[in-house]
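Remarks on the structure that follows.
The values are calculated or read from the model by the stated rules, or taken from the named source; none is laboratory data. These figures come from a predicted structure and were not determined experimentally. Every residue, glycine among them, receives a Cβ derived from its backbone with ideal geometry; neighbour counts consider all protein chains shown. Each accessible area value is taken on the protein alone, full model and side chains, heavy atoms only, with ligands, DNA and RNA left out. Shrake-Rupley method; radii C 1.70, N 1.55, O 1.52, S 1.80 Å.
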Amino acid sequence: MVKVNASLVEALRIPLPDIEQQRRIVAVHAAFERRIGALQKQADKRTALLSGLAESLFKQRVDQLVELGSVSAERQSGVTLGAHRVPRRNAVGYLRVANVRKGWIDADDIAVLEAQERDRPRYELAKGDVLVVEGHANPEQIGRAAVVDETTSGLLYQNHLFRLRFDDVIPEFAALWLNASVVRSYWRARCTTSSGLYTINSKLLARVPFPQVGLEEQRQITEACRVASRSVESAKQQIGKIRMLQASVVEDLLSG
């Protein structure tokens, strides 16, 4: 554990401008925080609207459901980790549960494992694969799904994820549905726990209710949600840029 003690704190050197300058620095910082807060509320509102849009688009289709197993071409779990997977000579990146968020994949922290010759044909991800979380300590996070894109294709994936592949279903449409409230209710009623870890299995995944929707309607639903999603992403990017500017400006003010 990394920690500090009282003597280190007492020896810390800090700037000491006059009171008026301190007030100006605090005011600048507060102005940034107000702007960021306003943008965050905007992003939260857009996120809620996006969720509501997806739910409303799916609501009319709850009477036209089949089992996921009848429309998915593949349901495959990933690499089982162990001592033999510690990187040595053939380190390859792989996705973990932490990388698969609800509707998107976080590629900022990619772990590596020791790959074997047989791994790529069996576990390599391709653009358009849908990953579904198989195990999690929080039952509300079970079954969350995201689509593999060009930045994460070619990676492997761990055994606490399922990979879905489709022939006649748009992957983004599948991920939207798997993250919707109908499927969330399905998992809440069925997921089990072992030593605090809630899990689902391939048979339960195959029985997930899935809407019978033509490709053109899938495209329309996916595009509507994509437009709304871009609006959310734009607000988040603005927040990130302002955070960077805030840090730079306050640093300059504090240093002189």
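Results, tabulated for the structure shown:
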{"quantity": "Mean Cβ neighbour count within 10 Å, used as a protection proxy, ranking 141-152, 217-228 highest first", "calculated": "141-152, 217-228"}
{"quantity": "Per-residue ³J(HN,Hα) for segment 225-233, Karplus 6.51 cos²θ - 1.76 cosθ + 1.60, θ = phi - 60°, Hz, x for Gly and Pro", "calculated": "6, 5, 4, 5, 5, 4, 5, 4, 5"}
{"quantity": "Qualifying GluC sites (Glu not before Pro) in segment 76-124, DSSP loop, other Cβ atoms within 10 Å at most 10", "calculated": "Glu117"}
{"quantity": "Options Gly143, Ser231, Ile242, ranked by Cα towards positive dipole end of segment 140-256, top entry (Cβ charges)", "calculated": "Gly143"}
{"quantity": "Amide H contacts under 5 Å for Val79, placed H, 5+ residues apart", "calculated": "Tyr157, Gln158, Asn159"}
{"quantity": "Cβ charges +1 (Lys, Arg) and -1 (Asp, Glu), total dipole of segment 164-218, debye", "calculated": "520"}
{"quantity": "Residues of segment 172-256: accessible area per residue with a 1.4 Å probe, Å²", "calculated": "55"}
{"quantity": "³J(HN,Hα), Karplus 6.51/-1.76/1.60, whole Hz, each residue of segment 121-126, x for Gly, Pro", "calculated": "x, 9, 10, 6, 7, 10"}
{"quantity": "Apportionment of accessible area to carbon and sulfur, segment 148-256, percent (1.4 Å)", "calculated": "51"}
{"quantity": "Unit charges on C-beta of K, R, D, E only; dipole of the chain, Debye", "calculated": "420"}
{"quantity": "Farthest positive-ward along the chain dipole, Cα basis, beta-carbon charges - from Cys191, Leu68, Ala175", "calculated": "Cys191"}
